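The values are calculated or read from the model by the stated rules, or taken from the named source; none is laboratory data. Computed from a prediction, not measured in an experiment: that's the story for all the values here. We place every Cβ from the backbone using ideal geometry, glycine too, and count neighbours over all the protein chains shown.
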Amino acid sequence: MSPASRAVLDLGSLGLDRGGDVLLRRALAALPANHEVEVRGSSPDLALHLGALCRAGGHALCEGASGLVVRRGTATDARWAGATRAGRADARVSGAVDEHPSARWGVAARGALVEAGAPAFDFTLSDKDEVWADEAAGLYAQAAAVQWDPATAIAWGTPFELSDELEDAIVQIMTYLIENETAALQVPARFLGRIHPHFREVMQLLAIQAADEARHIEVFTRRALLRRSQLGLSSAGGQASLLTLFEEPDFALASFLLSVLGEGTFLSLLWFLHEHAPDPITKDVVRLAAQDEARHVSFGLAHLGRHLARDPSLYRRLALAVERRHDALRDTAGLNGEVWDALVVVAAGSLLPADVERGHGAVVALSQQMSDKRARRLERLGFAAAEARALSDLHTRNFM
């Protein structure tokens, strides 16, 4: 190559050991293989460091008329010759999200060029149909935009007066909500580390969902202890019901049982508590929690709807999961009796017989509403009306 066509890099006094190597590598990257760049500079160790850099990068080094000349080698090209592009970064582009991303893409950003020889990661949820929902990105963006701070979103100092009976009922309900939201945090968290990061929108959504549940646990606990020093009761039947969620090893089935059936039912409960809340703090606590839970249900429906469209055999697996859970809980007491009573008292607003009768009727109506809405969600997924109703009736009496 003639000196006239040779690229020139003048480093001045900058040594390769102080950042000059960055400039040289950029200059070489811009050249085709076997093209040259003349390196000029006054650093006393320039020749020594150039020799080391050329040996490491597979480049040739020789003397030029005005400086040292580096001829670009092919080692870098060979290094990336077997690299693969991990899809496209933007999920809105057709084909950007791979149906079966390689285990060797690991935690590389979607759209990155992944060097051959990268280690394989054991992400067991690596099939797009198992986890994906086109709505995930939008739900994540919505969730990120409406995150709320428990310390400021609720006016904890708002004055109110409640009878001891009503305050105790609220404490019992909050205790019940805490343990159920703990399950709603930990069950999806079990799967989060198994999802291939190529499906980053789903990974992000589940992470922010866990943050939602952590926040719910905080505000339910804070409301329970606002005027009492102890929480309420936790029943063996309630714990047994939640244990069945922890024991479900399949992501689709766990998502169905938790998000579509359990959290969907909890939405009805939270809005019931919002309607009958005896104080403004409780009203705000359950309202904010319900807004978050609605997103969790939306993702469950979107994810499972897509999965079912591609694998109709999943319908039978979902039905069997409901039946299996019902059989496992057949001999348990169901909803904690103290929770039922607390809901009646809150709906009644007092212990006067006429009010208690009205409150009892409201809780019975709530139970029916929960069942009706479960059936409608199941129909939305594609279950026939009769099967949807039968499966809804088999759902745990513990609500979640």
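A few comments on the model shown:
- Check on Gly262, modelled with pLDDT under 95, more than 30 Å from Ala86 (Cβ to Cβ) and touching a helix residue (DSSP H, G or I) at 6+ places or on another chain (Cβ under 8 Å): no
- Filtered residues of the stretch 28-41 (kept if surrounded by fewer than 11 Cβ atoms within 10 Å (Cβ to Cβ) and either at pLDDT 95 or above or of a type outside the set (A, V, I, L, M) (or both)): Pro32
- Some residue of the stretch 74-89 being touching a Pro at 6+ places or on another chain (Cβ under 9 Å), outside the structural domain of Trp132 (by TED's automatic domain parsing), assigned to a loop (DSSP other than H, G, I, E, B) and of a type in the set (D, E, K, R): no
- Residue match in the stretch 199-214 (condition: part of a loop (DSSP other than H, G, I, E, B) and within 28 Å of Asp311 (Cα to Cα)): yes
- Residue within the stretch 14-27 that is touching a residue at least 12 places away in the same chain (Cβ under 8 Å), surrounded by fewer than 17 Cβ atoms within 10 Å (Cβ to Cβ), part of a loop (DSSP other than H, G, I, E, B) and not aliphatic (A, V, I, L, M) present: no
- Among residues of the stretch 124-149, those that are surrounded by fewer than 17 Cβ atoms within 10 Å (Cβ to Cβ) and part of a helix (DSSP H, G or I), counted: 6
- Looking at Arg222, Arg228, Arg194, just one residue is in contact with a strand residue (DSSP E or B) (Cβ under 7 Å, 6 or more places away or on another chain), surrounded by fewer than 20 Cβ atoms within 10 Å (Cβ to Cβ) and more than 17 Å from His296 (Cα to Cα), and that residue is Arg194.
- If the condition is being farther than 24 Å from Leu243 by Cβ and either outside the structural domain of Leu378 (by TED's automatic domain parsing) or small (Gly, Ala, Ser) (or both), then the stretch 291-336 contributes Ala294, Ser298, Ala302, Gly305, Ala309, Ser313.
Yes or no, residue by residue, for (1) over 25 Å from His307 (Cα atoms); (2) in contact with an Asp or Glu (Cβ under 7 Å, 6 or more places away or on another chain); (3) aromatic (Phe, Trp, Tyr):
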residue	(1), (2), (3)
Gly87	no, yes, no
Ala96	no, yes, no
His100	no, yes, no
Val114	yes, no, no
Ala118	yes, no, no
Ser126	no, no, no
Ala133	no, no, no
Ala151	yes, no, no
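- Taking first residues from the stretch 341-361 that are closer than 17 Å to Asp279 by Cα and partners that are polar (S, T, N, Q) and assigned to a helix (DSSP H, G or I), the Cβ contacts under 8 Å between residues at least 6 apart in sequence or on separate chains come to Ala342/Gln172.
- Scanning the stretch 103-115 finds one or more residues that are modelled with pLDDT of 95 or more, within 21 Å of the chain's Cα centre (by Cα), within 27 Å of His296 (Cβ to Cβ) and surrounded by fewer than 13 Cβ atoms within 10 Å (Cβ to Cβ).
- Leu261 vs. criteria surrounded by 24 or more Cβ atoms within 10 Å (Cβ to Cβ) and either in contact with a Ser or Thr (Cβ under 6 Å, 6 or more places away or on another chain) or not small (Gly, Ala, Ser) (or both): yes
- Those helices (runs of 4 or more DSSP H) lying entirely in the stretch 308-400 with at least 3 residues among the polar types (S, T, N, Q) and surrounded by fewer than 20 Cβ atoms within 10 Å (Cβ to Cβ): 353-381
- Checking each residue in the stretch 233-252 for being among the hydroxyl-bearing types (Ser, Thr, Tyr) and assigned to a loop (DSSP other than H, G, I, E, B) picks out Ser234, Ser235.
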